[in-house]
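Report on one structure; see the data block that follows.
The values are calculated or read from the model by the stated rules, or taken from the named source; none is laboratory data. Everything numeric here is computed off the predicted structure, so don't read it as measured data. Every residue, glycine among them, receives a Cβ derived from its backbone with ideal geometry; neighbour counts consider all protein chains shown.
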Amino acid sequence: MRVFGRFAGRPAALLAVAALLGACATTSVSTSSSPEARRAAVLARADARGAALVKGDLDAAYAFLSEGSKAVITLDIFKRRMSVVPFTAYRIDDAACEAERCTVHSKLTYDHRVMKGVTTPITETWVVERGDLFFVFPQL
């Protein structure tokens, strides 16, 4: 945060720093990438998606969905379903990758109307698409 504090009031400088940081984080992932490379990529993507959920940025969280997930759940429906219970924390416990998919074991914490700080273990499936990893939204 300290770096960004120096650029307060200088939108162009802040945008340049943000673009540089974004470019550094960009990697290409394919089914031929090593399991370690795919694991590192999915950890970063899952963490970013979790941060978006905790922040309440559902547009950003939706961007992490796979094409198949987006084909069956629109942004509006996604927002309605995900805004019912606000998330307060997200933690990744483990991740493993094989061929074109990765599995992430994480925990989501949320405040339920009757109880605060409920933590639920989640098993996430991520798939390789278009040079990156995307979250497969679970169907209920």
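Considering the stretch 102-118, the residues that are more than 17 Å from Gly56 (Cα to Cα) and of a type in the set (S, T, N, Q) include one that is surrounded by the most Cβ atoms within 10 Å (Cβ to Cβ), namely Ser106.
I need a count of the residues in the stretch 89-99 that are loosely packed, with under 15 Cβ neighbours inside 10 Å and in contact with a strand residue (DSSP E or B) (Cβ under 9 Å, 6 or more places away or on another chain). Residues that pass the stated criteria total 6. Ser32 fulfils the conditions (1) at pLDDT below 90; (2) hydroxyl-bearing (Ser, Thr, Tyr); (3) part of a helix (DSSP H, G or I) except for a single criterion, (3). Within the stretch 83-140, restricting attention to residues that are in contact with a Phe, Trp or Tyr (Cβ under 7 Å, 6 or more places away or on another chain) and not in a strand (DSSP E or B), the residue that is modelled with the lowest pLDDT is Val85.
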